[in-house]
Amino acid sequence: MAPLLELRGLSKSFGALAVTRGVSLAVAPGEIHAVIGPNGAGKTTLIHQISGTLRPDAGQVLFRGQDVTALDLPARARLGLARSFQITCIIPGFTALANVALAVQARSGSSFRFFRRAEAEEALNAPARAALERVGLGHRAGAVAGTLSHGEKRQLELAIALASAPSLLLLDEPLAGAGPEETARLVALLRALRGDYAILLVEHDMQAVFALADRISVLVYGQLIASGTPEEIRAHPEVRAAYLGEDELA
Amino acid sequence: MTALLRRQALPLALLLALALVPVLGVQDGFSLGLLARAMILGIAATSLSLLVGGAGLASLGHAAALGIGAYAVATLDLLGITEGAVVFPAAILAAALYALLTGLVSLRTGGVHFIMITLAFGQMVYFATSSLSALGGDDGYTLYGRTEFLGARLLEGRLPFHYLCLGLAAATWLFCSMLLESRFGRVLRAAKEEPMRVRALGLSPYPYRLVAMTIAGALAGLAGALMANAMEFVSPAILSWPRSADLLFMVILGGVGHLHGALLGALALVLAEEVLSHLWDHWRLLFGPLLILAVIFLRGGLAGLPALLAQKLVQTLDRRAR
């Protein structure tokens, strides 16, 4: 099957610091592909280049067979690339429902409509409510997003991503800062999404990554040192040496 | 309709009060002239509130759009054209065009840079009008007469002019409220709070902000055309940068985030100026501290005052009950 997302020789430097060095990887439709690596390995920089927030110095980003290297963040989002952020990025003054309805609005028809009350548009609210239900946040639809708990905000961000009906979800540490219960809920949620969406996941929680990912790529100092199934990565000597503690894999 | 009444009780009460002023006997030219000026500035301030409160764009050049509307009236007057069906659309289009063209450039920046660049454009217009010798330059231009409609001098009468200004102020408020609640306004408001989220959804804030600036400019142009008629005189003072600052202050005093606050702020500023200037020659010395106190203690602005008072009242009653 042709890959949904393909990175070819991606490189990015900030001054003398090479943060991404010749990274090539592919995400197949429907698979969960995790990128792991120690702090400072360049994971977030890589995500930025995939989503279009940063322009790589060299290399290509191909999405659904199309070279999107020159497109910016909104243009890539319109092609079906939805991203969540390491630091929660929601509209704090909107209700949870309005946050998600905005995502529905962004993909359905024009936003240059000036007169009807957007809040009263069932065509936006119904899919938004469905997305909230799917992430288990249906009961909080009317709450102002800024007042949600940290875990709920992470759920809301997922609902926003889902509501934009993407073909690839780009999740930057979706579990960051979540407590154990919230983590369990979010992992179950991500597992339920497998198959429906291709997901590129950057995450520090090793347990979650090994439980979820179909394939794992390991990034160290901006370079991919290994890529494979969780079993292969577990057994990979270089990975063990570079990154994973022996006991973490037990 | 009842939902609208409940949600918008305060602005509707304000508009009703303004409608009742002449009915209650205040009909002298001086008072109504003062109120007309306040309502006209209120229209301009409401359009600025759409930008500041709705889109997070604090323009310090909004008086330029107001002035361009006024100068459109003066220019056409010079050419002998006083027909309202020509004058008003011309004033509105000229100001909208100014806002569109300056918006194309200034919206590429943000924050302090946006404030400075809008100020710079405003100053350019100010100096351009100062050197327009055909329109009196610095001395300004006195209109031959007010704008007519099919030859009828509708704007000459105090009462018709009062209700025209009030009607347009109400329409401006209603129009801007609808805009902010629409899909378009939702994108604006979201981009004000978290532009990265909006971009990640595939929406670039730029065109939305540009349309908002153009609409706000058009409304300020309308206010400018009314202002020229109210004063029957146009000079560069109408678009000096302190006037832009006044408009911004009306928005803040009235309460950013409440569209009707802008009209309230305009009324408060114009009336306070009038009262204080009678009390003391150096009234501006009083005015400054008053404004500072208002900003510090009225976080929600004048529009937030009723809610604040109600809250205080409930707290006091609670304490009494205990």
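Quick notes on this one:
- The slack between B:LEU279 and B:ALA321, meaning 0.36 nm per residue of separation minus the straight C-alpha distance, is 10.8 nm.
- Per-residue Cβ neighbour counts within 10 Å put A:ASP196, B:ASP246 in the sequence A:ASP196, B:ASP246, beginning with the fewest.
- Whole-number percent relative contact order across the stretch B:55-205, with pairs defined as alpha carbons under 8 Å at least 6 apart: 26
- Legend: mean number of C-beta atoms from other chains within 10 angstrom of residue C-beta atoms, peptide A:79-91, equals 3.
- Taking the average, over residues, of other Cβ atoms within 10 Å as the packing measure, peptides B:258-269, A:221-232 rank B:258-269, A:221-232 from highest down.
- Inter-chain shielding of A:118-125 (mean C-beta neighbours from other protein chains, 10 Å cut-off): 2
- Highest mean packing first, where packing is the average number of other Cβ atoms within 10 Å per residue, the peptides B:106-117, B:52-63, A:33-44, B:19-30 line up as B:52-63, A:33-44, B:106-117, B:19-30.
- Value of relative contact order over the stretch A:90-165, rounded to a whole percent, pairs C-alpha under 8 Å and six or more apart: 49
- Within 10 Å of the Cβ of each residue in B:185-191, the mean number of Cβ atoms contributed by other protein chains is 6.
- Sorted by Cβ neighbour density within 10 Å, fewest at the top, the residues B:PHE149, B:PHE297: B:PHE297, B:PHE149
- DSSP assigns beta bridges within the protein assembly as shown; of those with both partners inside it, close to 55 percent run antiparallel.
- Fewest-first sequence of A:CYS89, B:CYS176 by Cβ atoms within 10 Å of each Cβ: A:CYS89, B:CYS176
- Max mean-square fluctuation residue, GNM over chain B, Cα-Cα springs under 10 Å, options B:ALA237, B:ALA65, B:ALA225: B:ALA237
- Listed peptides A:151-163, A:130-142 by packing density, highest first (mean Cβ within 10 Å): A:151-163, A:130-142
- Kirkwood-based Rg to Rh ratio, the protein assembly as shown, C-alpha trace: 1.08
- Helix-only mean residue ellipticity at 222 nm for chain B, each DSSP H run of n ≥ 4 adding -39500 (n - 2.57), per residue, nearest 500: -24500 deg cm²/dmol
- Cut-off 12 Å between beta-carbons: net charge of the residues surrounding B:ALA223, Lys and Arg +1, Asp and Glu -1: +2
- Straight Cα distances below 20 angstrom link B:LYS192 to the aspartates and glutamates A:ASP72, A:GLU119, A:GLU157, B:GLU181, with same-chain residues fewer than 8 positions distant left out.
- Reach of A:LYS43 by Cα under 26 Å, taken over lysines that are not fewer than 8 positions away in the same chain: A:LYS12, A:LYS153
- Relative contact order computed over chain A (Cα-Cα under 8 Å; 6+ residues apart), in percent: 27
- Trypsin sites (Lys or Arg not before Pro) within the stretch B:242-313: DSSP coil, no more than 10 neighbouring Cβ in 10 Å: B:ARG299
- Sequence-distant residues sharing a close amide H with A:LEU4 (under 5 Å, placed H): A:VAL27, A:ALA28
Readers should treat all values here as calculations from the given coordinates under stated rules, not as data from a laboratory. Please read these numbers as outputs of a predicted model, since none were measured by experiment. Quick reminder, even Gly has a Cβ in these numbers, built from the backbone with ideal geometry, and neighbours come from all protein chains shown.
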